[in-house]
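All remarks here apply to the structure that follows.
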Amino acid sequence: MPNDSELIRRPDFLQMGPFFKKPHFLRLHVRLLLENQRMNITDTIAAIATPPGEGGVGIVRISGSGVWRIADEIFQGPEKPSAAKGGTFFFGKIVAADGTVIDEGLCLIFRSPRSYTGEDTIEIQGHGGSIVLKKILRRCLEAGARMAEPGEFTKRAFLKGKMDLVQAEAVADLIHAQSDRAANAALEQLEGGLSKKFNRLYDGLVETAADIETTLDFIEDELPDDVFPNLGKKLDESFQTLEELLATWDEGRLLREGARVVIMGRPNAGKSTLFNALLGQDRAIVTDIPGTTRDIIEESLVLDGVPLRVLDTAGLRETDCLIEQEGIRRARAHSASADIAVYLIDCSQPFSHDDGEHLAKLNSKRTVVVLNKVDIRHSGFKFEISDFQPVETSLVDAGGVDAVKASIAVKLEAGVNLTAPVHAVISERHRNLLETARAELILARERIANGGEEAAAPAADHLRTALEALGEVTGRVYHNELLNNIFSRFCIGK
Ligand SMILES: Nc1nc2c(ncn2[C@@H]2O[C@H](COP(=O)(O)OP(=O)(O)OP(=O)(O)O)[C@@H](O)[C@H]2O)c(=O)[nH]1
Ligand SMILES: [Mg+2]
């Protein structure tokens, strides 16, 4: 954790409620404000904003106070960029220091605060070849810009108050989204849906904290009887909101990282056949030799808007082969961390007690049982484990693959409500901070429930710690380490 002197608070805290005007908070703020001055950004950054490779157009983005001087030096058009109006663009040439032409293209003008970063910004649209774009970028650096770090444009947007941290994170989520659903959830977050919920929670707690501190100014006998019960009620409401936010984490994880679906079963059951059928491609080797698959094979797939990471594994059996043993160890290890296990049983043979033993170790809520090879079903085969409703397949001709998919989707519903509209969901970082706030809130509630004068000061202390954690979520309170962590996930040029 950073120490106080590394904490930086954005100026908007000064407009916050009465709680923050209390002397102990003010002391901290003055120091933070001084720190904030140091963060004043004076340099101008540049980066290629389009992905590497060839394309119709490529964009170089330049942002900061020196942008007009640099633009006038490197871009020759019908007017000087420094004289152009914001929201306009014109055609011209990008020129080297000796006047030779590097490329021709468009110069887009964005004037502060109406730009992505909130600073004066230009975007040069040149031809989309990597050599040309590198030349334009080098020219910008030569003219005085500095190479932007990953996510630095978005970091500046945050520091300028264009967006909060939750929205900035949504930018990265949107870029990394693997499915429609994940992209829509990120968009909702970018538009402020999640921030609003966090802010409501934060503001509610600030109010309650202020009320608690006010009780300190009274002698206990003077306090109306209902003061502490009312404070308790307010805390309960905030607690409820916090719990609702925390409950979206599972869904957030599944949407961002993808649900892990591990295919398991004894050798030759048809696991690799199912794996290939789910992917719609001949990815894993399929043979009739038991023990074909040894290593874990992993591929991505999108099911009902939820990204999946599907893993094919080695068949479970006793074996002397060291390679196979390692494969089986890995299969078991991966099944332990699976969101969904798909357990295949070969029903061309009588039911094996080994399958019964393996299934006994799996959670029925997160396991899809597949009875495969029904085309050559053994007359003596019987599946009698009531915890599972198996899906019957004949995967050799792709029979029943859709039923397996549907069954996976049903199990996934526990984590993601696929029929509900898409909504913004919290991330691992949000969850950790919310957990801290939750623990403090529980302690504050206990104090308030006991009531009395001695309860108020410690309860207010707990709320203050909870607020610090919540403040870090949206960035009302932040420190450099936190920003570095968040923005290093971004690509350069964003
Ligand atoms: N008749 C029939 N044969 C099947 C079916 N599904 C798979 N097979 C065959 O069963 C054999 C084993 O299939 P795999 O997909 O390699 O089985 P596996 O579970 O991955 O086996 P290991 O990798 O050895 O653990 C292959 O010859 C498949 O063609 C089915 O539904 N019916
Ligand atoms: Mg296999």
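The values are calculated or read from the model by the stated rules, or taken from the named source; none is laboratory data. Model, not experiment: these values are computed from the prediction. All Cβ positions, glycine included, derive from the backbone under ideal geometry; neighbour counts span all protein chains shown.
Sort through Leu255, Leu216, Leu231, Leu201 and tell me the only one that's within 19 Å of Glu435 (Cβ to Cβ) and hydrophobic (A, V, I, L, M, F, W, C). None of the other options fit; the residue is Leu201. At pLDDT below 95 and in contact with a Leu (Cβ under 8 Å, 6 or more places away or on another chain): is that true of Val310 in this structure? So Val310 does not fit the description; no. Considering region 302-324, the residues that are among the aliphatic types (A, V, I, L, M) and within 15 Å of ligand 2 (Cβ to nearest atom) include one that is surrounded by the fewest Cβ atoms within 10 Å (Cβ to Cβ), namely Ile323.
Determine if region 180-192 includes at least one residue that is under 24 Å from Asp43 (Cα atoms), of a type in the set (Lys, Arg), in contact (Cβ under 8 Å) with a residue 12 or more places away in the chain and part of a helix (DSSP H, G or I).
Filtering region 180-192 for residues under 24 Å from Asp43 (Cα atoms) gives none.
Within region 180-192, none of the residues are under 24 Å from Asp43 (Cα atoms), of a type in the set (Lys, Arg), in contact (Cβ under 8 Å) with a residue 12 or more places away in the chain and part of a helix (DSSP H, G or I).
Does region 49-102 hold any residues that are of a type in the set (Phe, Trp, Tyr) and in a strand (DSSP E or B), and which are they? Correct list: Phe75, Phe89, Phe90, Phe91.
For region 331-347, how many residues meet the condition of being within 16 Å of ligand 2 (Cβ to nearest atom) and either without any contact (Cβ under 8 Å) to a residue 40 or more places away in the chain or not polar (S, T, N, Q) (or both)?
Pass one, region 331-347, residues within 16 Å of ligand 2 (Cβ to nearest atom): 331-332, 334-335, 341-346.
Subsequent filtering for residues that are either without any contact (Cβ under 8 Å) to a residue 40 or more places away in the chain or not polar (S, T, N, Q) (or both) retains 331-332, 334, 341-346.
Of the residues in region 331-347, 9 are within 16 Å of ligand 2 (Cβ to nearest atom) and either without any contact (Cβ under 8 Å) to a residue 40 or more places away in the chain or not polar (S, T, N, Q) (or both).
Taking region 336-359 as the range and being touching a Gly at 6+ places or on another chain (Cβ under 9 Å) and part of a loop (DSSP other than H, G, I, E, B) as the test, the residues that pass are Asp339, Gln349, Pro350, Phe351. Looking at Arg317 and the list (1) in contact (Cβ under 8 Å) with a residue 40 or more places away in the chain; (2) within 20 Å of Val401 (Cα to Cα), which single condition is not satisfied? In the conditions (1) in contact (Cβ under 8 Å) with a residue 40 or more places away in the chain; (2) within 20 Å of Val401 (Cα to Cα), Arg317 misses (2) alone. Looking at region 360-393, which of its residues are under 20 Å from Val261 (Cα atoms), without any contact (Cβ under 8 Å) to a residue 60 or more places away in the chain and either outside any loop (DSSP other than H, G, I, E, B) or not assigned by TED's automatic domain parsing to the domain that holds Ala277 (or both)? Residues satisfying the conditions are Ala360, Ser364, Lys365, Arg366, Thr367, Val368, Val369, Leu371, Val391, Glu392.
Helices (runs of 4 or more DSSP H) wholly in region 212-301 with at least 1 residues that are surrounded by 13 or more Cβ atoms within 10 Å (Cβ to Cβ) and within 16 Å of ligand 1 (Cβ to nearest atom) - which ones? Can you show your working first?
Numbers: elements: 227-246, 249-257, 271-279.
By residue number, 271-279.
Each residue in region 113-145 was checked for being touching a helix residue (DSSP H, G or I) at 6+ places or on another chain (Cβ under 7 Å) and assigned to a loop (DSSP other than H, G, I, E, B), and 8 pass.
Hey, any hits in region 305-319 for a residue that's part of a loop (DSSP other than H, G, I, E, B), near ligand 1 (Cβ under 10 Å from one of its atoms) and more than 16 Å from Val370 (Cβ to Cβ)?
First, the residues of region 305-319 that are part of a loop (DSSP other than H, G, I, E, B): 305, 313-319.
If we keep only those that are near ligand 1 (Cβ under 10 Å from one of its atoms) too, we end up with 313-317.
With the extra rule that they be more than 16 Å from Val370 (Cβ to Cβ), the set shrinks to 314, 317.
Taking every residue of region 305-319 in turn, at least one turns out to be part of a loop (DSSP other than H, G, I, E, B), near ligand 1 (Cβ under 10 Å from one of its atoms) and more than 16 Å from Val370 (Cβ to Cβ).
Report yes if Arg330 is closer than 22 Å to Gly415 by Cα and of a type in the set (Lys, Arg), otherwise no. In short, no. Here Glu481 meets each of (1) surrounded by fewer than 14 Cβ atoms within 10 Å (Cβ to Cβ); (2) under 20 Å from the mean Cα position of the chain (by Cα); (3) free of Cβ contacts under 8 Å to residues at least 60 places away in the same chain with one exception, condition (3).
For region 253-275: of the residues being out of contact with any Leu (no Cβ under 9 Å at 6 or more places or on another chain) and either of a type in the set (S, T, N, Q) or within 12 Å of ligand 2 (Cβ to nearest atom) (or both), which is nearest to Ile297 (Cα to Cα)? Checked region 253-275; the qualifying residue nearest to Ile297 (Cα to Cα) is Ser272.
Scanning region 394-404 for residues that are out of contact with any strand residue (DSSP E or B) (no Cβ under 6 Å at 6 or more places or on another chain) and in a helix (DSSP H, G or I) returns Val396, Asp397, Val401, Asp402.
For the residues Ala456, Ala466, the requirement of being within 15 Å of Ala210 (Cβ to Cβ), surrounded by 17 or more Cβ atoms within 10 Å (Cβ to Cβ) and more than 23 Å from the chain's Cα centre (by Cα) singles out Ala456. Checking each residue in region 196-211 for being within 16 Å of Glu454 (Cα to Cα) and surrounded by 21 or more Cβ atoms within 10 Å (Cβ to Cβ) picks out only Ala209.
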